[in-house]
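Participant: Let me begin by handing over the structure; questions about it come next.
The values are calculated or read from the model by the stated rules, or taken from the named source; none is laboratory data. What you are looking at is a predicted structure, and each value in this text was computed from that prediction instead of being measured. Don't worry about glycine lacking a Cβ; one is built from the backbone with ideal geometry, like all the others, and counts go over all protein chains shown. Accessible surface areas use protein heavy atoms only, side chains included; no ligands, DNA or RNA. Shrake-Rupley method; radii C 1.70, N 1.55, O 1.52, S 1.80 Å.
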Amino acid sequence: MSSAVERTDVAIIGAGPVGLFAIFECGMLKMRCHVVDALDMIGGQCSALYPEKPIYDIPAHPSIDAADLIERLGEQAAPFDPVFHLGQQVTALTPAEGGRWLVETSAGRRIDARAVIVAAGVGAFGPNRPPLDGLERYEGRSVHYLVRRRQDFAGKRVVIAGGGDSAVDWAISLAEVASRIMVVHRRPKFRAAPESVSRMDQLVRDGRIEMVVPYQLSGLEGRDGDLTGVRVATLEGEERVLEADVLLPFFGLSMNLGPIAEWGLGLDRSHIVVDPSTCATSAPGVFAVGDVATYPRKLKLILTGFAEAAQAAHAIHPLVHPDEVLHFEYSTTKGVPGA
Ligand code: FAD
């Protein structure tokens, strides 16, 4: 599947806090951005790993929850109309004509940009997928790694696999709408908040949730992407088939620098080496900021990434606007569109 090529000034790989602030910094220098992220939401680690945790070292915010920080960064970027391509990984970055770059995504999107900012953090986030034969035929249809709308599972027979907070919380929540909830875990002990485990245990006693322990997923049964059953097995190999319409595997997120490692950029232990004064990488026109970028004494902090985004945007300006002389101006002087 491939689509027409979209042209932009800057392609940003990663919509974590630093990628989001890079939109603002580029926008202030009149550069349009397309932003790609493997996650189907903005915010990177802040959204995926600790949305409700307060952060204490964001300047001028004595305390701000990670999710609120992301919401505000989204608001700050909005006047510059960034084009987001979420839920897709950048798989290839190749030189194009005129010193430009072609960014290709797993969803077949092709973006032709004058410059690229890699703000990929610790790599693309993705669900840990269970190693089951034919899994991809069911994914997105009857196997899901996240719950968007509880109501989608109303009246369904749901198998939830995993032993952490997501498995326990969704078992409790979906027990209110699903016709049957079965929780598959390889041991009796769950690694979730104790009060949630107590609530789940009560629902088990009430007959609203069935425990399938100690079992692991071993196979899927069904046709054309529609599940009819989930096979589970003990470590001793004793098998059972659970009649089911839906499987929700909650085995956490994995992070993987993935294809970025193959783009020929200078690397130092899974990080992209940059010149800190410009955030330029070893490839002309490709810049890296935030957790993925490294240089001597680099501090992996959000505030460091914000400053790097500003450095990169100023270094990119002459590439996008070669005929304009960039006069440094404060935001107080030039203002922000619509503000
Ligand atoms: P990330 O937030 O990692 O975002 C990178 C994004 O790029 C991800 O969404 C990923 O999916 C995407 N991506 C990667 N590769 C690809 C690809 N090939 N295609 C498409 N998308 C891709 N920092 C602080 O400053 N203060 C704190 O108090 C603090 N507390 C923390 C607490 C926890 C529990 C954790 C885990 C981290 C904490 N951090 C804190 C660190 C902070 O979250 C990171 O420094 C910050 O998220 C880095 O931002 P980023 O935008 O560079 O990368």
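Participant: If I take R0 = 45 Å and measure r between the Cβ atoms of D201 and E139 in this structure, what FRET efficiency does the formula 1/(1 + (r/R0)^6) give, to the nearest 0.05?
Facilitator: Details: r = 31 Å, r/R0 = 0.68.
So the FRET efficiency works out to roughly 0.90.
Participant: Another question, if that's okay. Rounded to whole Å and sorted largest first, list the principal axis extents of the Cα atoms in the stretch 117-207.
Facilitator: Extents along the principal axes, in whole Å: 52, 29, 26.
Participant: So between V213 and Y295, what do we pick up on full extension, going 0.36 nm a residue minus the alpha carbon distance? Each step should come with its number before you reach the end.
Facilitator: Details: separation 82, 0.36 × 82 = 29.52 nm, distance 4.79 nm.
My answer for the length gained is 24.7 nm.
Participant: Rolling a 1.4 angstrom probe over the protein chains, ignoring ligands and nucleic acids, what is the accessible area of T228 in square angstrom, nearest 10?
Facilitator: So the heavy atoms of T228 present about 80 Å² to solvent.
Participant: Enter the accessible area per residue of the chain (Å², integer; probe 1.4 Å; all protein chains in place). If you can, show how the numbers build up before the last one.
Facilitator: Values: 16960 Å² over 339 residues.
Accessible area per residue, the chain: 50 Å².
Participant: Sorting L20, L253 by accessible area (1.4 Å probe), largest first, what list results? All intermediate terms of the calculation are to be shown ahead of the outcome.
Facilitator: Details: L20 0, L253 70 Å².
Ranking L20, L253 by accessible area, largest first, yields L253, L20.
Participant: Just report the Cα centroid separation between the stretch 63-88 and the stretch 103-156, whole Å.
Facilitator: Taking the Cα centre of each part, the stretch 63-88 and the stretch 103-156 sit 19 Å apart.
Participant: With each run of n ≥ 4 DSSP H residues scored as -39500 (n - 2.57), what mean residue ellipticity at 222 nm is computed for the chain after dividing by its residue count and rounding to the nearest 500 deg cm²/dmol? Could you put the intermediate results ahead of the total?
Facilitator: On the way: 8 runs with 78 residues, N = 339.
Roughly -6500 deg cm²/dmol at 222 nm, from the helical runs in the chain.
Participant: Out of the total accessible area of the stretch 129-251 (probe 1.4 Å, heavy atoms of protein only), what percent is carbon and sulfur? Working shown, then result.
Facilitator: On the way: 2920 of 6630 Å².
That share works out to 44 percent.
Participant: Would you kindly work out the equivalent ellipsoid of the chain from its C-alpha gyration tensor and give its semi-axes, the square roots of five times the eigenvalues, largest first in whole Å?
Facilitator: So the equivalent ellipsoid measures 43, 22, 17 Å along its semi-axes.
Participant: Another question, then. Mind grabbing the accessible area of S277 for me, 1.4 Å probe, Å², rounded to tens?
Facilitator: 70
Participant: Another question, if that's okay. Label-point separation (nm) for M41 and H61, each offset 7 Å from Cα along Cα-to-Cβ?
Facilitator: Simple spin-label model gives 1.5 nm for this pair.
Participant: Using the per-residue mean of other Cβ atoms lying within 10 Å as a proxy for protection, in what order, highest first, do the peptides 112-119, 50-57, 170-177, 74-81 fall?
Facilitator: Details: 112-119: 26.1, 50-57: 12.5, 170-177: 19.1, 74-81: 15.8.
Those peptides, ordered most packed to least, come out 112-119, 170-177, 74-81, 50-57.
Participant: Now for a separate question. Working with all protein chains in place, sort L49, L301 by solvent-accessible area computed with a 1.4 Å probe, largest first. Before the final figure, lay out each step's value.
Facilitator: Details: L49 85, L301 65 Å².
Descending accessible area places them as L49, L301.
Participant: Once you place label points 7 Å from the Cα toward the Cβ at E239 and S3, how far apart are they in nm?
Facilitator: 4.2
Participant: For a quick check: with amide H placed at 1.01 Å from N, whose amide H comes under 5 Å from I209's, ignoring anything fewer than 5 positions away on the same chain?
Facilitator: For I209, the qualifying residues are V204.
Participant: Same structure again: Using a simple spin-label model with points 7 Å from Cα along the Cα→Cβ vector, what separation in nm is obtained for H321 and A261?
Facilitator: Going by the 7 Å Cα→Cβ label model, 3.9 nm.
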